[in-house]
Amino acid sequence: MTSDMLKSQNRWLVLFLLTLVYVFNFIDRQILGILAPFIAADLGLKDGQIGLLGGIYFAAFYTLIGIPIAWYADRANRVWIVSVSLGIWSAFTAISGAAQNFLHLSLARMGVGIGEAGGSPPSHSIISDLFDKTERSKALAIYSLGIPLGIMLAYFLVAYLLSRPSDQPFDWRLVFYLIGGLGVAFAVVVRLIIREPERGAMEAREGVSVSTKKVSVLKAIAHLLGIKSWIGMCAGISLASYGGYALSTFLVKYMVQAFPDSNMGNLYLVLGILNGIVYTAGVFIGGAICDRYGRKNRGAYAFIPAISVLIAAPAMLLTIWAGQLTLSFVALSFYLFFIGVYLGPSFSIAQTLAPISMRAMSTAIFFFILNMIAMGGGPTITGFLSDWFGETHGATHGLRLALSTLMVPFALSTLAFLWTSRHLPKDWKAAESLNENGG
């Protein structure tokens, strides 16, 4: 695709559509935790089983399939991969609604994980070919808005269904059917509208010689793991997301247990508003601020996330220890804003530090480490800790104690981001030099 053709394809429309794909990604990923009280009651599941469904059962397939898909995405039509993947994970989301027991739901969640593996790596690569390095953090922060917007829409849907006058009990299965069906339909829209951009288009426009050579998976892994700040950003986002995934999986279940007199519909509505406004603001502002200060000091792309996680951690703790629902919501607002800041900068660095020929692979390996630690470990370990603490302290306080252990990964995340901020300027410069020389 020539530069004229690149201009003819509205990059903001492409970014908008890919962000909507990510919205479906996170609706389908987080809906299990949002519906956890209803699913657990209907199927008789313990916290440890909920943790497995939202954790390792999903993450293992997501991460393992992600690397070969990313290898293929660095060689094939990325738009086709994104649209087919969206169709697959949406179909398995719909199938989740038919689950009659833990085994059925486990198999369906594995299918969702396999489908979602083809979403973000090619999407990140496409976005990097539409936005240059000075805009990439902001663009990927906008893409990352799919996380809070997806969670918000899932909460709103459940709140709406709960508020409908009906003689029948709330049907959690209907949510899976609706979301899955809409996702399959949108997959067709994505395939018809978005066109495949030229690889390395931004660098080519700046006069950089773009390499077209193909790199093996092992060589890509060896190269990326040799970059200190790439490893540091990966560790920072993985540890912070460990806490984030664990809290999102069990937050509704905890609040329902801790505040049993609260109106369920209103609870879901407020959680949706907080995710849609506060979390969204944190993600967008985080990307914009890092792009602004990162022009003068590249280390800001890691230093600002370090500070944001440091502030988010005690806000999370207050959320689960507050004795009043209103105070818990206020603390949750602070947590959601600051925990959103690191997303855009982290994803941007994963792209910027990678050679053009490894961009989809960089995101896949980044996500492999991120999701095995965060998605695989956070909900799974927290769920089993909740069951363990619950034997002595009761279900509600046991879950509160389990969630309190998340202060450890948040603290380690802060240290990882601070360490990365020291190495990032040098590694950024080396990456620019490598791409300029056709690496």
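The values are calculated or read from the model by the stated rules, or taken from the named source; none is laboratory data. Quick caveat, the model's predicted, so the values are computed rather than measured. Note that each Cβ is placed from the backbone with ideal geometry, even for glycine, and that neighbours are counted across all protein chains shown.
Observations
- When residues of region 16-65 are limited to those that are surrounded by fewer than 19 Cβ atoms within 10 Å (Cβ to Cβ) and not in a helix (DSSP H, G or I), the one nearest to the chain's Cα centre (by Cα): Lys46
- All positions within region 130-185 that are part of a helix (DSSP H, G or I), within 30 Å of Tyr342 (Cα to Cα) and aromatic (Phe, Trp, Tyr): Tyr143, Tyr155, Phe156, Phe176
- Cross-chain or 6+ apart pairs with Cβ under 6 Å, region 400-425 first and over 14 Å from Ile307 (Cβ atoms), then aliphatic (A, V, I, L, M): Arg400/Ile320; Ala402/Leu385; Leu403/Ile320; Leu406/Ala246; Met407/Ala313; Pro409/Leu239; Leu412/Leu239; Leu424/Ala302
- In region 299-310, of all residues being part of a helix (DSSP H, G or I) and in contact with a Ser or Thr (Cβ under 6 Å, 6 or more places away or on another chain), the one that is farthest from Ser229 (Cα to Cα) corresponds to Leu310.
- Within region 218-298, helices (runs of 4 or more DSSP H) holding 3 or more residues that are at positive phi and surrounded by fewer than 18 Cβ atoms within 10 Å (Cβ to Cβ): none
- Residue that is nearest to the chain's Cα centre (by Cα), among those in region 145-190 that are over 21 Å from Ala94 (Cβ atoms) and of a type in the set (S, T, N, Q): Ser163
For (1) modelled with pLDDT of 95 or more; (2) closer than 18 Å to Leu415 by Cα, each residue gets a yes or a no:
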residue: Pro260; (1), (2): no, no
residue: Leu271; (1), (2): no, no
residue: Thr280; (1), (2): no, no
residue: Gly294; (1), (2): no, no
residue: Leu318; (1), (2): yes, no
residue: Tyr342; (1), (2): no, yes
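- Yes/no for Glu432 being of a type in the set (Asp, Glu), closer than 15 Å to Ile349 by Cα and at pLDDT below 85: yes
- Residues that are β-branched (Val, Ile, Thr), surrounded by fewer than 22 Cβ atoms within 10 Å (Cβ to Cβ), under 23 Å from the mean Cα position of the chain (by Cα) and in a helix (DSSP H, G or I) do not occur anywhere in region 390-404.
- Hey, Leu13 part of a helix (DSSP H, G or I) and modelled with pLDDT of 90 or more or not: yes
- Test: Ala99 is surrounded by 19 or more Cβ atoms within 10 Å (Cβ to Cβ), under 22 Å from the mean Cα position of the chain (by Cα) and at negative phi: no
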